[in-house]
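Working notes, beginning with the structure itself.
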Amino acid sequence: MKRALITGITGQDGAYLAEFLANKGYQLFGTYRRSSTPNFWRLQALDILQKVTLIPSDLTDMSSLLEAVTISDPHEIYNLAAQSYVGASFDQPMLTAEVDGTGTLRFLEIIRHLKKNIKLYQASTSELYGDSINRDGRQDEETKFLPNSPYAAAKLYGYHIVKIYREAYGIFASNGILFNHESPLRGLEFVTRKITNAVGKIKSGFEKKLKLGNLESARDWGYAPEYVEAMWLILQQSKADDYVISTNETHSVQEFVEEAFAAAGMDWEKYVEVDELLKRPKDVVHLRGDNSKAKEILNWQPKVKFKKLVRIMVDADVKRWKDFSQGKQFPWDAFNYPENIDIKQRTKLK
Ligand code: NAP
Ligand code: F7E
C-alpha cells in the first residue's frame, strides 16, 4: 500500500487531497499544528478524519518534520502547508519566508539525508508571475517570474530550491504552479469565499453590506477538487518536472461579485462597497494561465469553469446560512475536537 504524507492537511487543498488519495487506496498521514482551537472541520466535512494519521508538526520546526517523515515513511510527500494568504504576508513577512520558503528546503534536506526515494510535490503558485505575462497575455512554465508580495517571494525561493535539489541531487521533486482554485471549503478571508459567504448571509438577513478592495483584479479561478488530482498526476510521472495548472480563463473580482449575487437573485450594486483599506500595498492585477503542458503530459484538464464554480460556492453558502437561520448547526464550521487526539496518535505511532 502506498503511503502519503500531506502537510497542511487541515487546509482546503489538504482536505480534498486526503479524500482523493483515500479513494485511491493510500495510507494517509497528515501534519497539523497544535492550536488552542482545533481546526479539523474540513476533514470532518469530507468525513475523512478517521482515515488519516495525524502528526503534530510545524514547517518552521525541523525536528517535527523529521519526526513526521520517520513516522510515516512516505512514498510521496505533498507539501501544501503554507502561510497562504497574500495579504497577511505583508503583515508577517519573516514568518512567511520561514514557512513558505525555508520550510520547503527543510523537506528537501530531510529527503537528501535519508537517501530514500521519496517523491516531493511542492505547492507553488501563479503569484510567482506578479505582473509578468507572455505576449498573448497568459502565463505558462516559460513566463518570467516577477513576484509582487512577500508571499510570492517566499514561494519563489521554494520553487527554485526544488529545481536546484532535483538537478543537483537527483531528488524527485516537482512544482505545481497552481492558479487560484476555490471551493465551499475555501478559507473565508479569500475573496471568492468572502463574496459567496456574504451572499448567503445577506440572503438570510444576517448582513446588509459587503466591503471589498480592488474589484479590477483578474484571476484564473478553478475548482479545488479538480486541482488536487493534478497534484497526484504530477507525482505519477516517470520524471520530475514543473507544471502550470489553470482553467485558461480570466475574470475580474467585479465579475465574480456580479455572478455571485445574480446566482442568488440579488443585485450586487445594492450591497457592495469598496473600502480603500482593503486594497493591498502591491497587488497582482491579471492572471490567466496556459495549461497546455499539463493537458499534453498529465492528460489533465478542468471541467468546472467560472460560472459553474460560482454557482457551486453560492449554493453551498446560501444553504449553509439558510440552515443556520432555521436553527441547524453549520455543517462545516462545527468544531468537534476528536478526544485525546495526541495521545491516541502517539500511542499508535510509536
Ligand atoms: P490553506 O487552506 O490556507 O491551508 C494552509 C495549510 O497550511 C493549513 O493546513 C495550515 O494549518 C497549514 N500551515 C500554515 N502554516 C503552517 C506552519 N507554519 N506549519 C505547518 N502547517 C502550516 O491553503 P490552500 O488553499 O489549501 O493551499 C494549499 C497550498 O497551495 C498552500 O501552500 C498555498 O500557498 C498553495 N496555493 C494555493 C492556491 C489556491 O488558490 N488555493 C494556489 C496556488 C498555491 P492551519 O489549519 O493550522 O492554519
Ligand atoms: O485575492 C482582490 C485581491 O486573497 C484575489 C491564495 O490562495 O491565490 C490566492 O491568492 C484578488 C486580489 O487570493 C478583496 O486584492 C479585492 O487581487 O482571494 P485572494 P490571491 O491573493 O490571488 C494564489 C494563487 C495563492 O497562491 C494564494 O495562496 O482579490 N480583492 N477585494 C480581495 N481579496 C481579499 N482577500 N479580500 C477582499 O476584500
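Rounded to the nearest 0.05, what FRET efficiency is calculated for S325 and D275 with R0 set to 35 Å and r the Cβ-Cβ distance?
0.85
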Exercise for the section: Under 1.5 on a/c is rounded, so check that first for segment 1-123, then, if it is not, pick prolate when a/b is larger than b/c and oblate when it is not; a ≥ b ≥ c are the square roots of the alpha carbon gyration tensor eigenvalues. Expected result: oblate
Problem - Whole-Å distance, taken between Cα centres, linking segment 84-149 and segment 161-218 - result: 15
Practice task
With only Lys, Arg, Asp and Glu charged, each at its Cβ (+1 for the first two, -1 for the last two), find how big the charge dipole of segment 1-116 is about the Cα centre; round to the nearest 20 debye.
Solution key: 400
Fill in the blank from the handout: Along segment 65-79, Karplus-curve 3J(HN,Hα) (6.51, -1.76, 1.60; θ = phi - 60°) to the nearest Hz, with x for Gly and Pro, reads 6, 4, 4, 4, 6, 5, 5, 8, 6, x, 7, 9, 10, 10, 8
Fill in the blank from the handout: In whole µm²/s, the translational diffusion coefficient that Stokes-Einstein assigns to the chain, given a Kirkwood hydrodynamic radius over C-alpha pairs, 4 °C and 1.567 mPa s, equals 62
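If you rank M231, M94 by how much accessible surface each has, with a 1.4 Å probe, what is the order from largest down?
Result of the area sort, largest leading: M94, M231.
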Problem - Solvent-accessible area, 1.4 Å probe, carbon plus sulfur percent, for segment 258-301 - result: 44
Completion exercise
The set of residues whose placed amide H lies less than 5 Å from the amide H of R280, leaving out same-chain residues fewer than 5 positions away, is N214
Completion exercise
Rounded to whole angstrom, the alpha-carbon centroid of segment 5-29 lies from that of segment 237-294 at a distance of 25
Completion exercise
Scalar couplings 3J(HN,Hα) for segment 270-280 by Karplus 6.51 cos²θ - 1.76 cosθ + 1.60 (θ = phi - 60°), nearest whole Hz, x for Gly and Pro, are 6, 10, 8, 10, 9, 10, 4, 5, 8, 7, 7
Exercise for the section: Leaving out ligands and nucleic acids, note down the accessible area per residue over segment 1-137 with a 1.4 angstrom probe, in whole Å². Expected result: 42
Completion exercise
Given a 1.4 Å probe, the accessible area of segment 177-280 per residue, as a whole number of Å², is 39
Practice task
For segment 251-267, take each phi angle, set θ = phi - 60°, evaluate the Karplus expression 6.51 cos²θ - 1.76 cosθ + 1.60, and give the result in whole Hz per residue in order, putting x for glycine and proline.
Solution key: 9, 7, 4, 4, 5, 4, 4, 4, 5, 5, 5, 5, 4, 9, x, 10, 9
Exercise for the section: Using amide H atoms built 1.01 Å from N in the peptide plane, name the residues 5+ places from G289, or on other chains, whose amide H lies under 5 Å from its own. Expected result: Q139, T247, N248, E249
Fill in the blank from the handout: Residues whose built amide H sits under 5 Å from the amide H of T31, excluding neighbours closer than 5 in sequence, are I6, T7, G8, I9, I55
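The values are calculated or read from the model by the stated rules, or taken from the named source; none is laboratory data. Bear in mind that the values here come from a model prediction, so they are computed numbers and not experimental data. For neighbour counting, all protein chains shown are included, and Cβ atoms are generated from backbone atoms with ideal geometry for every residue, glycine included. For accessibility, only protein heavy atoms count, side chains too; no ligands or nucleic acids. Shrake-Rupley method; radii C 1.70, N 1.55, O 1.52, S 1.80 Å.
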